[in-house]
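Peer 1: For reference, the structure I am asking about is given below.
The values are calculated or read from the model by the stated rules, or taken from the named source; none is laboratory data. If you're wondering where the values come from, they're calculated on a predicted model, not measured in any experiment. For neighbour counting, all protein chains shown are included, and Cβ atoms are generated from backbone atoms with ideal geometry for every residue, glycine included. Calculation scope for accessible area: heavy atoms of the full protein, side chains included, ligands and nucleic acids excluded. Shrake-Rupley method; radii C 1.70, N 1.55, O 1.52, S 1.80 Å.
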Amino acid sequence: MNEKAFEIDSEAFAKLSRIQLELMADAGAQIVECYRVLQKGGLNIVGEVLKGQGEFYELEHYPKDDVFDGETNCQYYYHSHRTGTSENGHFHTFLRQSGMPAGLSPVPYSGAEPWPQGSGALSHLIGISMDAYGFPIGLFATNRWVTAEVWYKAEDVIVMLDYFKIDHAYPSWPVNLWISAILILFRPQVEALLRQRDQVITEWACKHQGIDVFEDRDLELTGYLSINVEQQIKHIVAAIENYNLRT
């Protein structure tokens, strides 16, 4: 597994707009509320996704056939395949082509591997690593072959982030609220990972001439970033307070 890790400096929050910070603060409040109602019942995010799914197998998607919102055309699933790490498993989040804003086109591709088309076409947004207690511990971006997606440049995927929302109660209303809010709360980190993804892909292709970079199994993850919900909320609150002091 190849990955390039980095951190977001806390000073980066001071560069965000007041509107952006307030959106992130609202998302943080939603996440905390999801934790509250789940914990009252002795439940957690991962457990909600796995309930009623039978025996757990590595690489299988949970819940079966993924979670899909027919109105927003957003999708996610949970699975596990990284044994020997602190990760219990991870979520993959997607936006399908029919839910994308107009004017976005995949990058040119001349390789031999067919990319999905029509209703099957989708873009991977970000991955969310989870620990054994059902809490998020990291975000990551991947190479194309990992998720069998259609490849869009980072700036286009960043536009797609505004459209990600799972607005129903299967398999769990708190989980769907949570995963929708995670992409908002950690928007600066997600954007940074996506831009780094494109940089890594470009550099890799230059160093491995003659190899289809999008299908190179030696390049799986293009970036990983550790996250902490409580710490993120603290940074956001501090940045909003600084805005208040300046006005």
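Peer 1: List the residue ranges in the chain for DSSP H helices whose C-alpha atoms run 24 angstrom or more along the long axis and whose Kyte-Doolittle average is 0.0 or above.
Peer 2: On the way: long enough: 18-40 (33 Å, 0.13); 187-207 (30 Å, -0.71); 229-246 (26 Å, -0.26).
Helices meeting the span and hydropathy rule in the chain are 18-40.
Peer 1: How much net charge surrounds V213 when only other residues with a Cβ under 13 Å from its Cβ are counted (Lys, Arg +1; Asp, Glu -1)?
Peer 2: Working: positive: R144, R197, K207, R217; negative: E113, D198, E203, D212, E215, D216, D218, E220.
In short, -4.
Peer 1: Over region 33-131, average the accessible area per residue using a 1.4 Å probe and give it in Å², no decimals. Before the final figure, lay out the partial values.
Peer 2: Numbers: 4890 Å² over 99 residues.
For region 33-131, the per-residue accessible area is 49 Å².
Peer 1: Report the full-extension gain for the segment A238 to H208: residue separation times 0.36 nm, less the Cα-Cα distance, to one decimal in nm. Numbers along the way, then the final one.
Peer 2: Details: separation 30, 0.36 × 30 = 10.80 nm, distance 4.43 nm.
The span from A238 to H208 would gain 6.4 nm if fully extended.
Peer 1: Continuing with the same structure: Tell me, how many Å apart are the Cα centres for region 159-190 and for region 5-74?
Peer 2: After rounding, the separation between the Cα centres reads 6 Å.
Peer 1: What is the packing order of peptides 12-19, 103-110, taking the mean over residues of other C-beta atoms within 10 Å and listing the highest first?
Peer 2: Those peptides, ordered most packed to least, come out 12-19, 103-110.
Peer 1: Now for a separate question. Quick check on packing: order 180-189, 143-152, 209-218 by the mean number of other C-beta atoms within 10 Å, highest mean leading. Write out the running numbers ahead of the final one.
Peer 2: Details: 180-189: 22.0, 143-152: 19.5, 209-218: 13.3.
Going from most to least packed, we get 180-189, 143-152, 209-218.
Peer 1: Restricting things to alpha carbons, find the Rg to Rh ratio for region 71-196 using the Kirkwood radius for Rh. Let's see the in-between values first.
Peer 2: Details: Rg = 14.5 Å, Rh = 15.2 Å.
Taking Rg over the Kirkwood Rh, I get 0.95.
Peer 1: While we're here: Counting only other residues whose beta carbon sits under 9 Å from that of H124, what net charge do I get with K and R as +1, D and E as -1? Can you show the working numbers first?
Peer 2: Details: positive: R144; negative: E149.
Result for the local shell: 0.
Peer 1: Taking each pair of different alpha-carbon atoms in region 66-130 once, compute 1/r for the pair, average those values, and report the inverse of that mean as the Kirkwood hydrodynamic radius in Å to one decimal. Provide the component values of the computation, followed by the final result.
Peer 2: Working: mean 1/r = 0.0732 Å⁻¹.
Evaluated over region 66-130, this radius sits at 13.7 Å.
Peer 1: Gain in length, V32 to N228, computed as 0.36 nm per residue apart minus the alpha-carbon separation, to one decimal in nm? Intermediate results must be reported in sequence, preceding the final value.
Peer 2: On the way: separation 196, 0.36 × 196 = 70.56 nm, distance 1.22 nm.
Computed gain between V32 and N228 is 69.3 nm.
Peer 1: I've got another one for you. Report, in deg cm²/dmol and to the nearest 500, the calculated mean residue ellipticity at 222 nm for the chain, where each DSSP H run with n ≥ 4 adds -39500 (n - 2.57) and the sum is divided by the residue count.
Peer 2: Values: 7 runs with 92 residues, N = 247.
Calculated from helices alone, the mean residue ellipticity at 222 nm is -12000 deg cm²/dmol.
Peer 1: Which of the listed residues, A148, F68, W204, is farthest toward the dipole's positive end in the chain, when Lys, Arg count +1 and Asp, Glu count -1 at the beta-carbon?
Peer 2: F68
Peer 1: Of the listed values (i) 28, 23, 18; (ii) 31, 24, 19; (iii) 31, 18, 17, grab the one calculated as semi-axes √(5λ) of the Cα gyration tensor in Å from the structure here.
Peer 2: The listed entry that was calculated here is (i).
Peer 1: Measure off 7 Å from each Cα along the Cα-to-Cβ vector at A14 and F56, then give the distance between these two points in nanometres to one decimal.
Peer 2: Between A14 and F56, the label points sit 4.2 nm apart.
Peer 1: Could you work out the relative contact order of the chain, using alpha carbon pairs under 8 angstrom and six or more residues apart, expressed as a whole percent? Display every interim value, and only then the final one.
Peer 2: Values: 397 pairs, mean separation 68.8, N = 247.
Averaging sequence separation for qualifying contacts and normalising by length gives 28 percent for the chain.
Peer 1: If I model a spin label at Q199 and K153 as a point 7 Å from the Cα along the Cα→Cβ vector, what separation in nanometres do I get?
Peer 2: Simple spin-label model gives 1.7 nm for this pair.
Peer 1: Considering the alpha-carbon set of region 142-247 alone, what are its Rg and its Dmax in angstrom?
Peer 2: Rg and Dmax of region 142-247, Cα atoms, are 17.4, 56 Å.
Peer 1: Around S172, with a cut-off of 11 angstrom between Cβ atoms, what is the net charge of the other residues, counting Lys and Arg +1 and Asp and Glu -1? All intermediate terms of the calculation are to be shown ahead of the outcome.
Peer 2: Working: positive: K51; negative: E48.
Summing Lys/Arg as +1 and Asp/Glu as -1 gives 0.
Peer 1: Cβ neighbours within 10 Å, averaged per peptide: list 122-134, 163-175 in order, most packed at the top.
Peer 2: Working: 122-134: 20.3, 163-175: 17.5.
Sorting 122-134, 163-175 by mean packing, highest first, produces 122-134, 163-175.
Peer 1: Using a 1.4 Å probe over the heavy atoms of the protein chains, calculate the carbon and sulfur portion of the accessible area of region 1-125 as a whole percent. Display every interim value, and only then the final one.
Peer 2: Numbers: 3490 of 6970 Å².
The value for region 1-125 is 50 percent carbon and sulfur by accessible area.
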